[in-house]
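Q: Here's a structure for you.
All of the numbers you see were taken from the coordinates with simple rules; none came from a lab. Since the model is a prediction, treat every value here as computed from it, not as a measurement. All Cβ positions, glycine included, derive from the backbone under ideal geometry; neighbour counts span all protein chains shown.
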Amino acid sequence: MESITVCYRRMAKSDLKGLLELSQDPHFLAGYGQTTDWPTTPEQIRSWYEANLLDPKTAYFSIEVGEEKQWAGFMSLTDFSETKEEAWLSIGVCPKFWGQKIATKVLGQFIQDCFASGPLKRLNLFVFATNQRALRLYTRLGFTVHSFHKTPFGEVYQLYVMNF
């Protein structure tokens with residue numbers, strides 16, 4: 001089996017089309033979750049872009065695969081706290097790339113880079129209890145389950161990974 005090249009870069013305005021398509025994909029939403037604040041129209045995507053990509057407490061990245069650097073998803077760091085030295089991590093991969101180890105490859109490198117390049121000592125994330133594939137991935141990458149919550153959107157685990 002041929003190994004696929006995976007990388008990430010800062011999200012650009014040109015990535016909004018891929019983000020909009022992902023936000024409307026029922027297979028993606030079944031695993032990632034659909035909340036009331038998830039942008040699903042071009043206008044909401046533009047508004048989201050202006051509100052989030054320009055906020056210094058957030059950082060959004062696009063995942064690219066292959067030599068042609070095809071847009072395959074996103075990662076984000078939000079709610080960065082210098083005093084707590086932590087942030088919240090999120091990742092979403094387009095369903096057509098599922099099963100190709102895209103998240104494993106890119107997330108492992110991303111976590112290393114987060115801890116190597118700054119004051120972060122802890123990354124937190126939520127994962128839906130029904131998304132067992134993602135839960136297994138996160139635990140393989142060193143995340144520990146911190147707590148379990150029932151939310152209006154479903155049951156979720158809160159996980160974290162520490163930089164030692």
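Q: Which entries of LYS57/LYS96; LYS17/LYS84; LYS84/LYS150; LYS17/LYS121; LYS17/LYS57; LYS17/LYS101 have Cα-Cα distances beyond 28 Å here?
A: Violating the 28 Å limit, Cα to Cα: LYS57/LYS96; LYS17/LYS84; LYS17/LYS121.
Q: Restricting to bridges with both residues inside the chain, how much of the DSSP beta-bridge set is antiparallel, in percent to the nearest 5?
A: 90 percent
Q: So what's the net charge close to ASN124: Lys and Arg +1, Asp and Glu -1, counting the other residues with Cβ under 11 Å from its Cβ?
A: 0
Q: Would you please name the GluC sites (Glu not before Pro) within region 25-116 that are DSSP coil residues with at most 14 other C-beta atoms within 10 Å of their C-beta?
A: The qualifying sites are GLU67, GLU68, GLU82, GLU85.
Q: A further question follows. Between exposed trypsin sites (Lys or Arg not before Pro) in the chain, where DSSP calls loop and at most 15 other Cβ atoms lie within 10 Å, what's the longest gap?
A: Longest site-free region, per DSSP loop and neighbour criteria: 1-56.
Q: Now a separate question. What are the ³J(HN,Hα) couplings of region 87-100, residue after residue, when phi is run through the Karplus curve with 6.51, -1.76, 1.60 and θ = phi - 60°? Round to Hz, x for glycine and proline.
A: Result, ordered by residue: 8, 9, 9, 9, 9, x, 10, 4, x, 5, 9, 4, x, 9 Hz.
Q: Could you derive backbone 3J(HN,Hα) for region 59-66 from the dihedral phi with the Karplus parameters 6.51, -1.76 and 1.60 (θ = phi - 60°), listing whole Hz in sequence and x where the residue is Gly or Pro?
A: 8, 10, 10, 9, 9, 10, 10, x
Q: Along the charge dipole of the chain, which of PHE115, MET11, THR40 sits closest to the positive end, that is, farthest toward it, with unit charges on the beta carbon of Lys, Arg, Asp and Glu (+1, +1, -1, -1)?
A: PHE115
Q: Once fully extended, how much extra length lies between GLU68 and SER90, figured as 0.36 nm per residue of separation less the alpha-carbon to alpha-carbon distance?
A: 5.5 nm
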